[in-house]
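Following: one structure in structure tokens, then a few remarks.
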Amino acid sequence: MKPPAPGERGRLLNDGRARKMARSAHAFVRGNTAQFYEMLAASPIAKHVPTGPAVWICGDCHLGNLGPLSDGEGGIDVQIRDLDQCVIGNPAHDLIRLGLSLATAARGSDLPGVVTAQMIEAMVAGYARALDDPSDDDPGPEPAAVRTVRRLALGRRWRHLARERIDDPAPTLPLGKRFWPLGAKERKALGALFDDPVLKQLILSIGHKDEDRPVRLVDAAYWMKGCSSLGLLRYAAIFAIEGAKGRDEYGLIDVKQAVASVAPAAPHARMPRDPAERVVAGARALSPHLGERMVAARLLGTSVFIRELAPQDLKLEVAQFTRGEAVKAAQYLAFVVGRAHARQMDAVERAGWYRALTARGHAALDAPSWLWESVVDLASGHEAGYLEHCRRYALAG
């Protein structure tokens, strides 16, 4: 593929987003955060969704936005890995979005509807466990998908990241399908970022504490990546840290445009006005491993957040769920989200939210009726939206 000129980016990004969302109902759910909240607000179930304590929430809490994250010092933990939509809001929204994501993943794996019901039950059990004792770091039985990606993360180094993201351990970004050439202004602006002492401090803080080494930009390109964020500015940049013996050490940073969140914020919530500063603040509250490796900046007059990509940072990719693994994953991931919420609450808030969450709903189900009914209603709405998207995509092609 010939690298597109900057003027062609918009059309290609829109085409790429439409193509990704046509792949499956699960992909459509992942790429339609705004539609999720629109459907939820219009649903008759919305008035029954309780309002939990106002805490930082992911805002886009789907399956692909959780995974192993490095703390920069050799430690790895499964946390929320994408905070673009984070706000101080209602934690119930993260639960509903995660439930919808798991339900569509189960349908894509041809699992019967009873498994979805069991997954929602397991979600409540995992989340409630985290609320009951936020100091508990044991999420319970680890599903195979998490175990596999965690083991993979533990053994990864720069060369693995380079081969995966760059297709070559050499410190260059190959222009083509994923990496596109920069305009002169873009290259100059990215180069200027490395003169910012805040960014330099961030880079050197990851494995180079108490050191003062020269840091320079080696290569940069526009990065065609993501789904719901396609169309926003996104850059990959390789940097070099001068080694003590003349051998450079390389790393990769992700520069991403920040925009206003589509997730509803709690009334009177006090958050940074700048979108990138909001994302960084939310990341530090919800995902410490990630938040400590991020900074907010301005690039070409646009709010951006920057993070160093560690080789151990991976997303959960579930091609197919088995019945048992689906239920395990629901409990495990809900615990991860619950722990992120619970550590922001005091004991009284946790106790009140625990009671609201565990209030018995249907006679045969322990999950609250508002959660189950929200997932069912939204699953049907997104399935119809997905089919209509596919029809328009096919006609446009």
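The values are calculated or read from the model by the stated rules, or taken from the named source; none is laboratory data. Just so it is clear, the model here is predicted, and its values are computed rather than measured. In this analysis, Cβ positions are derived from the backbone assuming ideal geometry, glycine residues included, and neighbour counts consider all displayed protein chains. Each accessible area value is taken on the protein alone, full model and side chains, heavy atoms only, with ligands, DNA and RNA left out. Shrake-Rupley method; radii C 1.70, N 1.55, O 1.52, S 1.80 Å.
Restricting to region 110-125, give me the number of residues that are more than 22 Å from the chain's Cα centre (by Cα) and either open to solvent by less than 10 Å² (accessible area, probe 1.4 Å) or more than 15 Å from residue 367 (Cβ to Cβ) (or both). Reasoning before the result, please.
Within region 110-125, the subset more than 22 Å from the chain's Cα centre (by Cα) is 110-118, 121, 125.
Narrowing the set further to residues that are either open to solvent by less than 10 Å² (accessible area, probe 1.4 Å) or more than 15 Å from residue 367 (Cβ to Cβ) (or both) leaves 110-112, 115.
So the count comes out to 4.
Just the residues that are open to solvent by 50 Å² or more (accessible area, probe 1.4 Å) and either at pLDDT 80 or above or under 12 Å from residue 101 (Cα atoms) (or both), please, taken from region 316-331. Don't jump to the end; show me each part of the working.
Just the residues of region 316-331 that are open to solvent by 50 Å² or more (accessible area, probe 1.4 Å), to begin with: 317, 319-320, 322-323, 328, 331.
If the condition is that a residue be open to solvent by 50 Å² or more (accessible area, probe 1.4 Å) and either at pLDDT 80 or above or under 12 Å from residue 101 (Cα atoms) (or both), then 322, 323, 328, 331 are the ones that fit.
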> Do any residues in region 15-33 that are touching a residue at least 24 places away in the same chain (Cβ under 8 Å) and over 23 Å from residue 94 (Cβ atoms) have Cβ atoms under 9 Å from those of residues that are open to solvent by 20 Å² or more (accessible area, probe 1.4 Å) and among the aromatic types (Phe, Trp, Tyr), where the two are at least six apart or on different chains, and which pairs are they?
Replying inline: 18/393; 19/393; 22/386; 22/393
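Taking residue 355 as the residue in question, decide whether it is part of a helix (DSSP H, G or I), open to solvent by 40 Å² or more (accessible area, probe 1.4 Å) and at pLDDT 85 or above.
Details: part of a helix (DSSP H, G or I): yes; open to solvent by 40 Å² or more (accessible area, probe 1.4 Å): yes; at pLDDT 85 or above: yes.
Against the criterion (part of a helix (DSSP H, G or I), open to solvent by 40 Å² or more (accessible area, probe 1.4 Å) and at pLDDT 85 or above), residue 355 qualifies.
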>> Against the definition (out of contact with any Cys (no Cβ under 8 Å at 6 or more places or on another chain), within 25 Å of residue 41 (Cα to Cα) and in contact (Cβ under 8 Å) with a residue 24 or more places away in the chain), how does residue 352 come out, yes or no?
In response: yes
> Any idea which residue in region 45-96 is nearest to the chain's Cα centre (by Cα), counting only those that are assigned to a helix (DSSP H, G or I) and not aliphatic (A, V, I, L, M)?
Replying inline: 65
>> Taking the condition of being under 26 Å from residue 192 (Cα atoms) and among the aliphatic types (A, V, I, L, M), how many residues in region 265-317 meet it?
In response: 16
> How many residues does region 85-95 hold that are surrounded by 24 or more Cβ atoms within 10 Å (Cβ to Cβ) and either out of contact with any strand residue (DSSP E or B) (no Cβ under 8 Å at 6 or more places or on another chain) or basic (Lys, Arg) (or both)?
Replying inline: 2
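Step by step: first the residues of region 28-79, then only those that are among the hydroxyl-bearing types (Ser, Thr, Tyr) and in contact with a Ser or Thr (Cβ under 8 Å, 6 or more places away or on another chain), then the one that is nearest to residue 351 (Cα to Cα). Which residue is that?
Applying the first criterion (among the hydroxyl-bearing types (Ser, Thr, Tyr)) to region 28-79 yields 33, 37, 43, 51, 70.
Those still in the list that are in contact with a Ser or Thr (Cβ under 8 Å, 6 or more places away or on another chain) too: 33, 43.
Numbers: 33: 30, 43: 28 Å.
Within region 28-79, the match that is nearest to residue 351 (Cα to Cα) is 43.
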>> Can you list residue pairs whose Cβ atoms sit under 8 Å apart, with the first residue in region 49-61 being open to solvent by 10 Å² or more (accessible area, probe 1.4 Å) and the second being among the aliphatic types (A, V, I, L, M) and in a strand (DSSP E or B)? Count only pairs 6 or more apart in sequence or on different chains.
In response: 54/88; 56/87; 56/88
> In region 257-282, which residue that is buried (at least 20 other Cβ atoms within 10 Å of the Cβ) and in contact (Cβ under 8 Å) with a residue 40 or more places away in the chain is nearest to residue 35 (Cα to Cα)?
Replying inline: 263
> Could you list, in sequence order, the residues of region 283-315 that are more than 16 Å from residue 202 (Cα to Cα) and buried (at least 24 other Cβ atoms within 10 Å of the Cβ)?
Replying inline: 286, 287, 312
>> Filter region 28-44 down to the residues that are of a type outside the set (Ser, Thr, Tyr) and surrounded by fewer than 19 Cβ atoms within 10 Å (Cβ to Cβ) and list them by number.
In response: 34, 35, 38, 41, 42, 44
> Within region 261-296, how many residues are part of a loop (DSSP other than H, G, I, E, B) and of a type outside the set (Val, Ile, Thr)?
Replying inline: 16
>> Among the residues that make up region 335-347, is at least one of them at pLDDT below 90 and either open to solvent by 50 Å² or more (accessible area, probe 1.4 Å) or in a helix (DSSP H, G or I) (or both)?
In response: no
